[in-house]
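J.: Handing you this structure, nothing more for now.
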Amino acid sequence: MPQDPVTVLIVYQAQPGKADAGLDALASLVATVVAREPACLGITIHQDVSDPTRILLNEDWIDKASYVGPHMQTPHIRAFIQMAPELFAGPPDISFWERRGDARPV
């Protein structure tokens, strides 16, 4: 039985002076993930207004297993993980969320 869709929030901390390069690298990675991985339902990139070195990815996946399993083993993710220390200060903070409500203007 499939699991419920999951939102993955990923917070990166760019090294000083490398926020733009980090954003570029993440934008390229996101384009590849969305194009090649059907389990990914969409990704948005956000930059912290008060601290531009903080970058947030808001990712929607069909289930958590697709993210932690096949996605993390793809060549593009493996390559990104290898080069990430050049741009980011440590590993990202990754958390998993399930939607419990939605409100939108009418």
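J.: Identify the single condition in (1) out of contact with any strand residue (DSSP E or B) (no Cβ under 9 Å at 6 or more places or on another chain); (2) more than 21 Å from residue 95 (Cα to Cα) that residue 4 does not satisfy, given that it satisfies every other one.
T.: (2)
J.: Among the residues of the stretch 94-106, how many are among the aliphatic types (A, V, I, L, M) and surrounded by fewer than 11 Cβ atoms within 10 Å (Cβ to Cβ)?
T.: Residues flagged as among the aliphatic types (A, V, I, L, M) and surrounded by fewer than 11 Cβ atoms within 10 Å (Cβ to Cβ) within the stretch 94-106 amount to 2.
J.: Separate question: In the stretch 11-43, what residues are under 16 Å from residue 92 (Cα atoms) and of a type in the set (S, T, N, Q)?
T.: The answer is 13, 15.
J.: Against the conditions (1) modelled with pLDDT under 95; (2) touching a helix residue (DSSP H, G or I) at 6+ places or on another chain (Cβ under 7 Å), where does residue 39 fall short? Just the number, please.
T.: Only one criterion is unmet by residue 39, namely (1).
J.: Specify which of the listed residues (102, 60, 51, 93) is closer than 17 Å to residue 10 by Cα, out of contact with any strand residue (DSSP E or B) (no Cβ under 7 Å at 6 or more places or on another chain) and acidic (Asp, Glu). Working first, answer last.
T.: Numbers: 102 fails: closer than 17 Å to residue 10 by Cα; 60 fails: out of contact with any strand residue (DSSP E or B) (no Cβ under 7 Å at 6 or more places or on another chain); 93 fails: out of contact with any strand residue (DSSP E or B) (no Cβ under 7 Å at 6 or more places or on another chain).
It is 51.
J.: Now a separate question. Does residue 18 qualify as being basic (Lys, Arg), more than 25 Å from residue 99 (Cα to Cα), in contact with a strand residue (DSSP E or B) (Cβ under 9 Å, 6 or more places away or on another chain) and touching a residue at least 60 places away in the same chain (Cβ under 8 Å)? Reasoning before the result, please.
T.: On the way: basic (Lys, Arg): yes; more than 25 Å from residue 99 (Cα to Cα): yes; in contact with a strand residue (DSSP E or B) (Cβ under 9 Å, 6 or more places away or on another chain): yes; touching a residue at least 60 places away in the same chain (Cβ under 8 Å): yes.
When the stated conditions are applied, residue 18 passes them.
J.: Out of the residues in the stretch 60-106 that are among the basic types (Lys, Arg) and modelled with pLDDT of 95 or more, which is nearest to residue 19 (Cα to Cα)?
T.: Initially, the stretch 60-106 is screened for residues among the basic types (Lys, Arg), giving 64, 78, 99-100, 104.
Now narrow it down to the ones that are modelled with pLDDT of 95 or more: 64, 78.
Working: 64: 28, 78: 21 Å.
The qualifying residue nearest to residue 19 (Cα to Cα) is 78.
J.: Here are some conditions: (1) under 14 Å from residue 94 (Cβ atoms); (2) under 10 Å from the mean Cα position of the chain (by Cα). Residue 61 meets all but one. Which one does it not meet?
T.: Among (1) under 14 Å from residue 94 (Cβ atoms); (2) under 10 Å from the mean Cα position of the chain (by Cα), the lone unmet condition for residue 61 is (2).
J.: Determine the pairs where a residue that is at positive phi, located within the stretch 73-95, has a partner that is modelled with pLDDT of 95 or more and surrounded by 12 or more Cβ atoms within 10 Å (Cβ to Cβ) with Cβ atoms under 8 Å apart, the partner being 6 or more residues away or on another chain.
T.: 90/13
The values are calculated or read from the model by the stated rules, or taken from the named source; none is laboratory data. Predicted, not measured: the structure shown is a model, and the values here were computed from it. FYI the Cβ positions are ideal-geometry reconstructions off the backbone, even for glycines, and counts take in every protein chain you see.
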